[in-house]
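See structure below.
The values are calculated or read from the model by the stated rules, or taken from the named source; none is laboratory data. Worth saying up front: this structure is predicted, and the values here are computed from it rather than measured. All Cβ positions, even for glycine, are placed from backbone atoms using ideal geometry, and neighbour counts span all protein chains on display.
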Amino acid sequence: MKIKNIVFPLLAIACFSCGNDPLPKPKAMLRLEYQTPKYSKVDVKLPFTFEKNELAEKISSIKLDGINNLSGVNINYPNMKGTIYLTYKKVNTTNLDSLLRDAQALTQKHTMKADEIESVLYENKDQNVFGMFYEVGGNAASQSQFYVTDSTKHFLTGSLYFYAKPNYDSILPAAAYLKNDIKHIMETVEWKE
């Protein structure tokens, strides 16, 4: 009898002592916020100028490379672990078609991993700048690419790459922020000649 007198009250307390059902924790989402961009004009030792975000490394850290008539500018964003690579090539009477094909083929290489590729035509007749902007969705290596040209002397391409394995969900905030920087670069390109 004594065991029944002890077991039943303990069992009743254990069953009815917890009044609330356990609730699963809500899924946490990483919230990344970046400062409002401030742009300043960059005059590199190439035949064009543009504006870059001051969040990127200082102008002295932009690297210039000359290889086989190609020149490039790397705009590094160390806090986002990303870089916008700009490549410049002179246009002559025979190479414009091949430059256009190469720029478009570079974007099409991402179709295996991309969910979608959206292209937007760009035209600035006042500055004589014409081109195309590509936004690549999914786990592709580059989320944004572009090319601009004046069709007679200058051809500039740009690509965004991160120093990480492409995981679209993880890099989406940084990719969206830098996509706007790339568009701003396109819109502010001015040819020197």
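Free of Cβ contacts under 8 Å to residues at least 60 places away in the same chain, surrounded by fewer than 18 Cβ atoms within 10 Å (Cβ to Cβ) and at negative phi, is that true of residue 192? When the stated conditions are applied, residue 192 does not pass them. Just for the stretch 27-42: of the residues that are at pLDDT below 70 and not charged (D, E, K, R), which one is farthest from the chain's Cα centre (by Cα)? Once the filter is applied, the top-ranked residue is 28.
Reported count of residues in the stretch 117-151, each being exposed (fewer than 15 other Cβ atoms within 10 Å of the Cβ), at pLDDT 85 or above and either over 20 Å from residue 91 (Cβ atoms) or in contact with a Leu (Cβ under 7 Å, 6 or more places away or on another chain) (or both), is 2.
Given the criteria modelled with pLDDT under 90 and surrounded by 15 or more Cβ atoms within 10 Å (Cβ to Cβ), does residue 163 qualify? So residue 163 fails the test. Of all the residues in the stretch 149-193, those that are within 12 Å of residue 129 (Cβ to Cβ), in contact with a Phe, Trp or Tyr (Cβ under 6 Å, 6 or more places away or on another chain) and either among the small types (Gly, Ala, Ser) or not in a helix (DSSP H, G or I) (or both) number 6.
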